[in-house]
Amino acid sequence: MLNTGGTDSFSTQISFCLPAYNVEKYVGECIDSILSQKIDNFEFEILCIDDCSVDGTYDELIKIASTNEKIHVLKNSKNLGVSATRNRLIDEANGKYIWFVDPDDLLYPDTVVDFWEIANRYNAEVVLGNYIRFCNIEDVKSQVTNKDFHIEQKDFLPYDDEGTRMCTVCTGVFLKEFLIKNKIYFQEGMIAQEDTLFYYEFSLKGKTIIKCDFPCYLYRQRPTSIMHMRSEERAKKYYESMMIMYKVYKQHLDKGDYDDEKVLKEKIHHSQQNIAFFLAMLMEHSYVHMEIKRLKREGIYPFPFRNAALHTNESFLRRICN
């Protein structure tokens with residue numbers, strides 16, 4: 001039986017949580033996209049944490065916050081990365097629900113109230129929608145033709161207008177009490193696929209996850225973003241992120257904490273593939289040799305032969321790669 005609402009002790013219903021780093025050029029437009037939503041019927045806050053930006057992001061946030069009492073700005077004492085900053089946002093947020101918003105992106109016009117009404121009606125732990133990629137906001141066209149949604153336990157990944165699915169935490173709301181009670185936080189130290197791991201964690205615990213079939217988020221494509229920066233040091237951090245992901249999945253397997261053993265083992269295999277891929281990208285040979293020895297000691301490498309991978313309907317080359 002679904003809980004369809006009731007009394008609510010929260011004065012703030014949604015905390016829009018922005019982990020900000022070097023987004024001086026974009027953060028004002030992002031906050032405007034939140035403030036322009038039709039959300040006068042409930043209380044909200046915009047909580048920003050600057051992760052020691054080296055541009056004018058913090059000063060820009062302070063200036064914007066001075067114009068609206070709903071905007072609150074904090075600053076990390078040192079650069080912690082997006083995962084740790086989001087974790088602090090979870091703890092600092094005053095809202096019943098949390099909406100993670102990357103401050104170089106935008107919320108889709110007039111969709112927040114739909115998410116709030118759906119979440120509140122069903123007392124949902126998670127409500128997710130879809131997203132639209134954009135480079136120039138002028139190119140974005142209205143695509144909301146219906147407001148369909150459904151309760152979903154498996155196929156709730158957001159997708160864009162071309163059907164590309166992505167594990168992003170920015171396309172909807174999360175019940176703060178649900179995250180805190182189940183200790184669902186982002187894995188600190190990860191700079192890649194931290195959202196993917198977060199998805200797996202909340203999917204194990206969530207009972208009422210609602211998927212909306214319409215866009216709520218505008219995902220900006222820009223080559224200068226953190227995700228597009230490349231360097232030897234950054235490649236090491238990608239490799240270390242994949243190691244963290246592998247070990248978390250492996251802990252779930254060892255503890256029997258999973259819904260589908262086959263799915264979890266496939267995630268472990270993909271993590272191993274990513275470990276090998278990012279290690280192969282590195283140019284520092286002494287580091288690579290040292291890590292290969294460590295992987296062998298920990299039983300991660302060499303990978304076990306996957307006989308089942310040969311018995312699929314995929315192409316011969318794909319089967320050999322698998």
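Once you place label points 7 Å from the Cα toward the Cβ at Arg121 and Asp59, how far apart are they in nm?
My value for the distance between the label points is 4.7 nm.
If I build a Gaussian network model for the chain, linking alpha-carbon pairs within less than 10 angstrom, which residue out of Glu232, Glu266, Glu298 has the largest mean-square fluctuation?
In the Gaussian network model the winner is Glu298.
Ratio of region 230-303's C-alpha Rg to 2.2 N^0.38 Å, to two decimals?
This ratio for region 230-303 stands at 1.16.
Quick one: which of Lys205/Lys236; Lys247/Lys293; Lys267/Lys293; Lys75/Lys181; Lys75/Lys205; Lys176/Lys250 span more than 21 angstrom between C-alpha atoms?
Check vs 21 Å cut-off fails for Lys205/Lys236; Lys267/Lys293; Lys75/Lys181; Lys75/Lys205; Lys176/Lys250.
At what distance in angstrom do the alpha carbon centres of region 47-74 and region 107-125 lie from each other?
Centre-to-centre (Cα) distance: 26 Å.
Starting from 0.36 nm per residue, how many nanometres of slack lie between Tyr301 and Lys183 once their C-alpha separation is accounted for?
My answer for the length gained is 39.4 nm.
What is the extension gain from Ser11 to Leu282, computed as 0.36 nm multiplied by their sequence separation minus the C-alpha to C-alpha distance, in nm to one decimal?
The Ser11-Leu282 span can extend by a further 92.5 nm.
Once R0 is set to 41 Å, what does the formula 1/(1 + (r/R0)^6) return for the Cβ-Cβ distance between Arg234 and Ile320, expressed as a FRET efficiency to the nearest 0.05?
Given R0 = 41 Å and the Cβ-Cβ separation, E is 0.85.
Give, in nm to one decimal, the length gained when the segment between Ile137 and Lys75 is fully stretched (0.36 nm per residue of separation minus the Cα-Cα distance).
19.4 nm
For the charge dipole of the chain, defined by +1 on Lys and Arg C-beta atoms and -1 on Asp and Glu C-beta atoms about the Cα centroid, which residue among Tyr239, Phe303, Asn182 has the Cα displaced farthest towards the positive pole?
With unit charges placed on the Cβ atoms, the residue in question is Phe303.
Note down the relative contact order for the chain as a percent, whole number, built from C-alpha pairs under 8 angstrom at least six residues apart.
17
With +1 on each Lys and Arg Cβ and -1 on each Asp and Glu Cβ, how big is the dipole of the chain about its Cα centre, in debye rounded to the nearest 20?
With Lys and Arg at +1 and Asp and Glu at -1, about 1460 debye.
What percent of all Cα-Cα pairs in region 104-256 falls into each 10 Å bin, going from 0 up to the bin containing the maximum distance?
Bin by bin from 0 Å, the calculated values are 10, 35, 35, 18, 2.
Tell me, what HN-Hα J-couplings in whole Hz come from the Karplus equation 6.51 cos²θ - 1.76 cosθ + 1.60 at θ = phi - 60° for each residue of region 275-289, using x for Gly and Pro?
In residue order, the calculated couplings are 4, 5, 4, 6, 5, 5, 6, 6, 9, 7, 4, 5, 5, 4, 4 Hz.
If I take R0 = 41 Å and measure r between the Cβ atoms of Phe214 and Leu310 in this structure, what FRET efficiency does the formula 1/(1 + (r/R0)^6) give, to the nearest 0.05?
0.50
What do you get for Rg/Rh of region 111-191 when both radii come from the Cα atoms and Rh is the Kirkwood radius?
Over the Cα atoms of region 111-191, Rg/Rh equals 0.99.
By average Cβ neighbour count within 10 Å, what is the ranking of 190-201, 251-262 from highest down?
190-201, 251-262
Between Rg and the Kirkwood Rh of the chain, both from Cα atoms, what is the Rg to Rh ratio?
With Rh from the inverse mean 1/r over Cα pairs, Rg/Rh is 0.98.
Please list the radius of gyration and Dmax for region 177-322, considering alpha-carbon atoms only, with Å as the unit.
For region 177-322, the Cα radius of gyration and maximum Cα-Cα distance read 17.6, 49 Å.
Name all residues of region 85-129 having a backbone nitrogen under 14 Å from the label point set 7 Å from the Cα of Lys207 along its Cα→Cβ direction, giving them as ranges.
122-126
Shape of region 165-250 from its Cα gyration tensor (a ≥ b ≥ c, root eigenvalues): rounded if a/c is under 1.5, otherwise prolate when a/b > b/c, or oblate?
oblate
What's the ranking of 279-289, 174-184 by average number of surrounding C-beta atoms within 10 Å, highest first?
In decreasing order of mean packing, 279-289, 174-184 become 174-184, 279-289.
Quick note: the coordinates plus some simple rules give every number you see, no bench work behind them. These numbers were taken from a predicted model, which means no experiment stands behind them. FYI the Cβ positions are ideal-geometry reconstructions off the backbone, even for glycines, and counts take in every protein chain you see.
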